[in-house]
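Here the structure comes first, spelled out in structure tokens, and everything after it is commentary.
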Amino acid sequence: MHNHRSILGNYVQDFTVSQIRALNKERDARLAALKTKADAEAYVKSVREKIAACFPMPDDHSVPQCEIVKTAEYDKFKIENIIYLSRNNFPVTANLYVPKAPGKHPGAIILCGHAGEGKSCSAYRSGAANLAEKGFVVLLIDPIAQGERWQFMNVPHASAFHGKCTREHNMLGKQLRLCGEFFGAWRAYDAIRGLDYLLSRPEVDPARIGITGNSGGGTMSSFVQALDARFTMAAPSCYITSWKRNFENELPADVEQIPPGILAAGCEMGDLILCYAPRPILLLGQKNDFFDPRGLNETYEQVKKVYALLGAEDNVQCFIGPTNHGYSIENREAMYGFFTRHAGLPIDGKENFDSNIITAASLNCTESGQLMTSRPEFAQVHDLTVKLSADLAAARPVYDVSGLKAKLRELLQLPEKIEVPYARTLRPFCIPGVPDTRRYFNRFALERDNAPLTMLKLNSEPPYFHFPALDTLTIYVPHLDSGSELIKLDRADDDIYAGLDVSNIGETLSLATDHSEEGRKFSAPYSQDYHYDSVQLMYGTSMIARRVEDILSAIAFVKAQGVKHVKLTARGQGAVPAAMAALLSDDVEAVTLYDTLESYQSVINKRVSDWPQSCMIPGVLKYMDLPDIYAALKAEKPAVITFVNEPVPEF
């Protein structure tokens, strides 16, 4: 069973908080050093370039192919139900609200939050209808896995998340990650291609274009306005706070909310707002929101100082609604007033149109309400991911063992030299009911710079308060917890083993985030494992990279204590980093891997995989797959490897 003691579990969260606080301190100093308009302009240019680098996407701004399915007439506007292609044969279902008054109109894009019904959700269709009633041409799109764009219909083993948009997102994001793609960039590109279509319409004035959205749509509107100069105003709702507040508050994020490398670039959420400063922008939040309004206020004050240097302090505004997370009428009305003012229309901050007269069914672009059933000729995200992974496999370089090791070290960003970690000798503890030859775990907390503690547990009799002189030692890297797994491992009584709880495993498992039984499962959509791996991704690395370095550091430690022969054994999710460490370490003489992942490609091919995101190297399929690593490992040293399709939930 999983060890819930998590004796070192505070260190993961404390380390995460210390990292983000250090980043904020450095960024605060950079902002404080801005004294002139030229300083502010240079800062804006730098963050624009940094953030754009975190969103790899195609560079196509042609008018996308679009099909107008049907049109419905209302008093002051009409609604066109449209399907446009954001990528080759990749459809987006959307509604275009077009005022009937003649002439050029300002335009706006509304991006939905994580509402399963997508564009037919009452808050978003109300926002679109009321903007149209005030004179805006409004494009309201279905996000991937919402509205008419569900991605896992009739897929085996998908019942746990089929139709649950954020869970669908996280599965798609995990698979795209292996190909070096960011799901948030796919979401952003859908919106940018929507803007390309919106600007092609003769009714639209390209000099007056806004973007807004709430929650997941607040995220995407924050991102999209930071990536595209064509917007002239923005109003993201219920997303902007600070990553510092999110991490301090133990708040996991959705897969599209974690731009790879954005923290490594030294950016905070406020930099999303500054990308095109002094463009008019309204920051919206709620009093009782898990996106901490304290962080929103702090970000607003920082952004306002930069806007002041640019001579446009009034262009940035902040409104915090009186209620809970959501695009409430108070927040929508604040947006109407802001957009009408900056579009040069009569300022109107009231919701005058009752959108309930627009039925959800009337907004559908397909007969069945789902593209997958009504329009099977179109590609879905998985289809494109499979093709992308196949293209990467065909173009992958062929390495010899030496070249493979070098590329793997590069992908994991490992240091040239693995230093011997500092060790704390903690009190041993006795395990009742096991043979006398291995009653004790002698515990050494290994500490190195810029990493949480890991736990090396020497399984022996008698107890030791120092690391004893040993000729041969097998280090065991567990699936869930080395303590409970080692005492059940089939081994000879005279074999000496040390369990290694790497970062966020066993005794190092974080005590933070979701404390429920479900939330502590590694396969859970928003588990602590997912959260801390996501944090690493934002720093441009990964949890598996940290775990490989944990193993190499433990090997360096035991060798420094005089161990002559080191073997490595691992199981389940621990076997994936162990395979990499065994290949990279000349000190490992033999390796045994139980129940390991056969290939990264299988995670994509299966459609639904419980292997946690923390086992995945970002972009690995551009260069190698796990079979390449296993083959190189067997070529170098004795290796026994067994595979399972999915990680075993418990020992």
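The values are calculated or read from the model by the stated rules, or taken from the named source; none is laboratory data. Computed from a prediction, not measured in an experiment: that's the story for all the values here. As a convention, Cβ positions derive from the backbone with ideal geometry for all residues, glycine included, and neighbour counts pool all protein chains shown.
Which of the residues spanning the range 399-420 are farther than 30 Å from MET455 by Cα and either at pLDDT below 95 or in a helix (DSSP H, G or I) (or both)? Before the answer, list the steps.
Step one: filter the range 399-420 for residues farther than 30 Å from MET455 by Cα, giving 399-403.
Residues satisfying the conditions are VAL401, SER402, GLY403.
When you scan the range 160-255 for helices (runs of 4 or more DSSP H) that lie fully inside it, which ones turn up with 2 or more residues that are touching a residue at least 12 places away in the same chain (Cβ under 8 Å) and over 29 Å from PHE339 (Cβ atoms)? Please lay out each step first, then the result.
Numbers: elements: 165-178, 183-200, 216-227, 243-248.
In the range 160-255, the matching helices (runs of 4 or more DSSP H) lie at 165-178, 243-248.
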Return only the number of the condition from (1) under 23 Å from ASN95 (Cα atoms); (2) surrounded by fewer than 16 Cβ atoms within 10 Å (Cβ to Cβ); (3) more than 33 Å from the chain's Cα centre (by Cα) that GLU377 does not satisfy. (3)
Filter the range 614-645 for residues that are out of contact with any Asp or Glu (no Cβ under 7 Å at 6 or more places or on another chain) and charged (D, E, K, R); the one that is nearest to TYR399 (Cα to Cα) is ASP628
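Checking the condition surrounded by fewer than 23 Cβ atoms within 10 Å (Cβ to Cβ), small (Gly, Ala, Ser), assigned by TED's automatic domain parsing to the domain that holds ARG546 and not in a loop (DSSP other than H, G, I, E, B), which residue from ALA423, ALA492 passes?
Values: ALA492 fails: not in a loop (DSSP other than H, G, I, E, B).
From the options ALA423, ALA492, the qualifying one is ALA423.
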Applying the selection to the range 455-512, what residues are without any contact (Cβ under 8 Å) to a residue 60 or more places away in the chain and basic (Lys, Arg)? LYS457, ARG491
Selection from the range 525-545 of residues that are on the phi < 0 side of the Ramachandran plot, at pLDDT 95 or above and either aliphatic (A, V, I, L, M) or not in a helix (DSSP H, G or I) (or both): VAL535, LEU537, MET538, TYR539, THR541, SER542, MET543, ILE544, ALA545
Out of (1) closer than 19 Å to MET543 by Cα; (2) at pLDDT 95 or above; (3) surrounded by fewer than 20 Cβ atoms within 10 Å (Cβ to Cβ), what's the single condition that is false for LEU621? (3)
Could you tell me whether the range 504-524 includes any residue that is surrounded by fewer than 24 Cβ atoms within 10 Å (Cβ to Cβ), more than 27 Å from the chain's Cα centre (by Cα) and not in a helix (DSSP H, G or I)? no
Taking ASP587, is it out of contact with any Leu (no Cβ under 6 Å at 6 or more places or on another chain), of a type in the set (Asp, Glu) and at pLDDT 95 or above? yes
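Any residue in the range 285-308 that is more than 31 Å from the chain's Cα centre (by Cα) and either buried (at least 18 other Cβ atoms within 10 Å of the Cβ) or small (Gly, Ala, Ser) (or both)? If you could, list the steps in order and put the result at the bottom.
Filtering the range 285-308 down to residues more than 31 Å from the chain's Cα centre (by Cα) leaves 308.
Then keep just the ones that are either buried (at least 18 other Cβ atoms within 10 Å of the Cβ) or small (Gly, Ala, Ser) (or both); that gives 308.
Checking the range 285-308: at least one residue is more than 31 Å from the chain's Cα centre (by Cα) and either buried (at least 18 other Cβ atoms within 10 Å of the Cβ) or small (Gly, Ala, Ser) (or both).
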Show me the helices (runs of 4 or more DSSP H) entirely contained within the range 548-651 in which 3 or more residues are among the charged types (D, E, K, R). 626-636
